[in-house]
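Input: a single structure, listed below in structure tokens.
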Amino acid sequence: MHTVVVGAGIVGLSSAYHLARRGATVAVLEKDGIGAGSTDRANGGIRAQFTSPVSVALSRESIAVWERFEAEFGVDIGYRRPGYLLLAREPETAEAFAETVALQRDLGVPAELLDADELGEYCAGLHADEFVAGTFCARDGFADPYLAMQGFAGAARGSGATIETKTPVTEIHREGERVVGVETPAGRHEADRVVNAAGPWAGRVA
């Protein structure tokens, strides 16, 4: 299966790696340099405190990737887990926190609902009297997205994928509803599948 991945950020390079190791022929096409879009601007936050069941489940799966990243890719991404403390000033927000913590715990995320008296125990110097409640998850943290992207880039190349920078996709070729390739200033790439990993530019690519 010939696959073109549009965008060489962390999402595109992760896609390229996982496709290539499963036997696909993969070409990553990037209009600028590797990681020059959203990845270069990301803060690297890794958390599972979300309100959507889908987002919680996806984050939980991604955390498993970050936990084994150094062992699998040989790259220390600076993964740290100081935990995330989210704060509520209004009772309505506190009520919503109670619902989301219950959801997160049902999905296996060890989030905690805190009352105002407990907040200072989690953040020294916090003006706790300004808040009515909070949530905390000790598993939340951060990593260096650029280092993670480099890990995926090396692994993608090692699995046979090619990465072409300064190569914008200018057109997607179709036969009926089927994608058959993409056009670039350097020529056409035949493709059975196209992965649109262009981040904020994905709508323009589509």
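Here are the numbers for this structure:
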item: Filter result for Val26 (outside any loop (DSSP other than H, G, I, E, B), in contact (Cβ under 8 Å) with a residue 60 or more places away in the chain and either under 28 Å from Val179 (Cβ atoms) or within 16 Å of the chain's Cα centre (by Cα) (or both)); result: yes
item: Hits in segment 58-78 (condition: over 13 Å from the mean Cα position of the chain (by Cα) and within 24 Å of Val101 (Cβ to Cβ)); result: Glu67
item: Selection from segment 40-59 of residues that are at negative phi and either touching an Asp or Glu at 6+ places or on another chain (Cβ under 7 Å) or open to solvent by 80 Å² or more (accessible area, probe 1.4 Å) (or both); result: Asp40, Arg41, Asn43, Ile46, Arg47, Ala48, Gln49, Thr51, Val54, Leu58
item: Pick from segment 74-91, criterion among the small types (Gly, Ala, Ser) and outside any strand (DSSP E or B), ranking: surrounded by the most Cβ atoms within 10 Å (Cβ to Cβ); result: Gly83
item: Neighbours by Cβ (under 8 Å, 6+ apart or cross-chain): first from segment 77-91, within 15 Å of Trp66 (Cβ to Cβ); second among the aliphatic types (A, V, I, L, M) and not in a loop (DSSP other than H, G, I, E, B); result: Ile77/Leu147; Ile77/Ala148; Gly78/Leu147; Tyr79/Ile46
item: Any hit, segment 7-22, residues being under 18 Å from Pro185 (Cα atoms), among the charged types (D, E, K, R) and more than 16 Å from the chain's Cα centre (by Cα); result: no
item: Residue check for Leu29: more than 30 Å from Leu119 (Cβ to Cβ) and touching an Asp or Glu at 6+ places or on another chain (Cβ under 9 Å); result: yes
item: Set Thr3, Thr51: member being in a loop (DSSP other than H, G, I, E, B), touching a helix residue (DSSP H, G or I) at 6+ places or on another chain (Cβ under 9 Å), polar (S, T, N, Q) and touching a residue at least 24 places away in the same chain (Cβ under 8 Å); result: Thr51
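This table checks each residue for (1) over 25 Å from Arg80 (Cα atoms); (2) in contact with a Lys or Arg (Cβ under 7 Å, 6 or more places away or on another chain); (3) open to solvent by 60 Å² or more (accessible area, probe 1.4 Å).
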| residue | (1), (2), (3) |
| --- | --- |
| Cys123 | no, no, no |
| Arg139 | no, yes, yes |
| Ala155 | no, no, no |
| Gly160 | yes, no, no |
| Val179 | yes, yes, no |
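Residue by residue, here is whether (1) β-branched (Val, Ile, Thr); (2) under 26 Å from the mean Cα position of the chain (by Cα); (3) farther than 16 Å from Arg139 by Cβ; (4) in a helix (DSSP H, G or I) holds:
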{"residue": "Thr93", "(1), (2), (3), (4)": "yes, no, yes, yes"}
{"residue": "Phe97", "(1), (2), (3), (4)": "no, yes, yes, yes"}
{"residue": "Gly108", "(1), (2), (3), (4)": "no, yes, no, no"}
{"residue": "Gly125", "(1), (2), (3), (4)": "no, no, yes, no"}
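The values are calculated or read from the model by the stated rules, or taken from the named source; none is laboratory data. In this text the structure is predicted, and so the values were computed from the model without any measurement. For neighbour counting, all protein chains shown are included, and Cβ atoms are generated from backbone atoms with ideal geometry for every residue, glycine included. Heads up: the accessible areas ignore ligands, DNA and RNA and are worked out on the full protein's heavy atoms, side chains in. Shrake-Rupley method; radii C 1.70, N 1.55, O 1.52, S 1.80 Å.
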